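Notes follow once the structure below has been shown.
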(Lines give C-alpha, C1' and ligand atoms only; values in the text may rest on other atoms or scores of the structure.)
Protein backbone atom coordinates (compact mmCIF):
# COMPACT_ATOMS: atom_id res chain seq x y z
CA UNK A 1 0.00 0.00 0.00
CA UNK A 2 2.88 2.37 0.66
CA UNK A 3 4.18 2.15 -2.91
CA UNK A 4 0.74 2.70 -4.38
CA UNK A 5 0.18 5.69 -2.10
CA UNK A 6 3.53 7.17 -3.09
CA UNK A 7 2.70 6.79 -6.76
CA UNK A 8 -0.68 8.44 -6.30
CA UNK A 9 0.88 11.34 -4.37
CA UNK A 10 3.43 11.70 -7.18
CA UNK A 11 0.68 11.81 -9.79
CA UNK A 12 -1.15 14.35 -7.65
CA UNK A 13 1.88 16.64 -7.54
CA UNK A 14 2.33 16.24 -11.31
CA UNK A 15 -1.25 17.26 -12.01
CA UNK A 16 -1.05 20.09 -9.49
CA UNK A 17 2.03 21.50 -11.23
CA UNK A 18 0.48 20.95 -14.66
CA UNK A 19 -2.63 22.81 -13.51
CA UNK A 20 -0.50 25.64 -12.17
CA UNK A 21 1.23 25.89 -15.55
CA UNK A 22 -2.10 26.02 -17.40
CA UNK A 23 -3.41 28.60 -14.89
CA UNK A 24 -0.39 30.85 -15.40
CA UNK A 25 -0.66 30.54 -19.18
CA UNK A 26 -4.37 31.29 -19.19
CA UNK A 27 -4.62 34.08 -16.60
CA UNK A 28 -1.54 36.14 -17.43
CA UNK A 29 -1.78 37.00 -21.12
CA UNK A 30 1.25 39.29 -20.75
CA UNK A 31 3.33 36.08 -20.62
CA UNK A 32 2.50 35.26 -24.25
CA UNK A 33 4.96 35.67 -27.08
CA UNK A 34 8.57 36.21 -26.07
CA UNK A 35 7.80 35.75 -22.35
CA UNK A 36 6.06 32.40 -22.76
CA UNK A 37 8.97 30.61 -21.04
CA UNK A 38 8.32 32.31 -17.68
CA UNK A 39 5.40 30.07 -16.58
CA UNK A 40 7.56 27.01 -17.34
CA UNK A 41 10.38 28.44 -15.24
CA UNK A 42 8.00 29.14 -12.34
CA UNK A 43 6.58 25.60 -12.45
CA UNK A 44 10.05 23.99 -12.68
CA UNK A 45 11.21 26.04 -9.67
CA UNK A 46 8.13 24.96 -7.71
CA UNK A 47 8.76 21.33 -8.68
CA UNK A 48 12.36 21.60 -7.50
CA UNK A 49 11.29 23.10 -4.16
CA UNK A 50 8.76 20.29 -3.65
CA UNK A 51 11.30 17.62 -4.66
CA UNK A 52 14.03 19.00 -2.39
CA UNK A 53 11.61 19.30 0.52
CA UNK A 54 10.40 15.73 0.12
CA UNK A 55 13.98 14.51 -0.28
CA UNK A 56 15.04 16.18 2.98
CA UNK A 57 12.03 14.75 4.80
CA UNK A 58 12.55 11.22 3.51
CA UNK A 59 16.34 11.12 3.89
CA UNK A 60 16.26 12.56 7.40
CA UNK A 61 19.35 14.70 6.80
CA UNK A 62 17.96 17.78 8.44
CA UNK A 63 19.87 18.72 11.58
CA UNK A 64 17.90 19.13 14.81
CA UNK A 65 17.03 22.67 15.75
CA UNK A 66 19.43 24.44 18.08
CA UNK A 67 18.67 23.74 21.70
CA UNK A 68 16.80 20.52 20.89
CA UNK A 69 18.51 17.26 21.51
CA UNK A 70 17.76 14.11 19.58
CA UNK A 71 15.80 11.72 21.77
CA UNK A 72 15.68 7.97 21.62
CA UNK A 73 12.38 7.14 19.92
CA UNK A 74 12.23 3.43 20.65
CA UNK A 75 10.47 3.51 24.01
CA UNK A 76 8.99 0.20 24.98
CA UNK A 77 5.41 -0.28 26.01
CA UNK A 78 6.46 -0.87 29.62
CA UNK A 79 8.38 2.42 29.70
CA UNK A 80 5.37 4.29 28.34
CA UNK A 81 2.99 2.65 30.84
CA UNK A 82 5.37 3.48 33.71
CA UNK A 83 5.56 7.10 32.55
CA UNK A 84 1.77 7.38 32.36
CA UNK A 85 1.40 5.81 35.82
CA UNK A 86 3.89 8.32 37.31
CA UNK A 87 2.02 11.18 35.71
CA UNK A 88 -1.35 9.95 37.03
CA UNK A 89 0.07 9.50 40.56
CA UNK A 90 1.53 12.99 40.48
CA UNK A 91 -1.82 14.45 39.40
CA UNK A 92 -3.72 12.60 42.12
CA UNK A 93 -1.35 13.84 44.84
CA UNK A 94 -1.47 17.40 43.56
CA UNK A 95 -5.30 17.39 43.48
CA UNK A 96 -5.60 16.13 47.07
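The values are calculated or read from the model by the stated rules, or taken from the named source; none is laboratory data. Computed from a prediction, not measured in an experiment: that's the story for all the values here. Neighbour counts run over all protein chains shown; Cβ positions are idealised from the backbone, glycine included.
Okay, residues lined up against (1) modelled with pLDDT of 85 or more; (2) within 29 Å of residue 3 (Cβ to Cβ):
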{"position": "25", "(1), (2)": "yes, no"}
{"position": "28", "(1), (2)": "yes, no"}
{"position": "38", "(1), (2)": "yes, no"}
{"position": "48", "(1), (2)": "yes, yes"}
{"position": "68", "(1), (2)": "no, no"}
{"position": "94", "(1), (2)": "no, no"}
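Tell me which residues, restricted to the range 19-34, are in a helix (DSSP H, G or I), exposed (fewer than 15 other Cβ atoms within 10 Å of the Cβ) and at negative phi. Outline the logic, then answer.
Taking the range 19-34 first, the residues in a helix (DSSP H, G or I) are 19-27, 29-31, 33-34.
Checking which are exposed (fewer than 15 other Cβ atoms within 10 Å of the Cβ) leaves us with 19, 22-23, 26-27, 29-30, 33-34.
Matches in the range 19-34: 19, 22, 23, 26, 27, 29, 30, 34.
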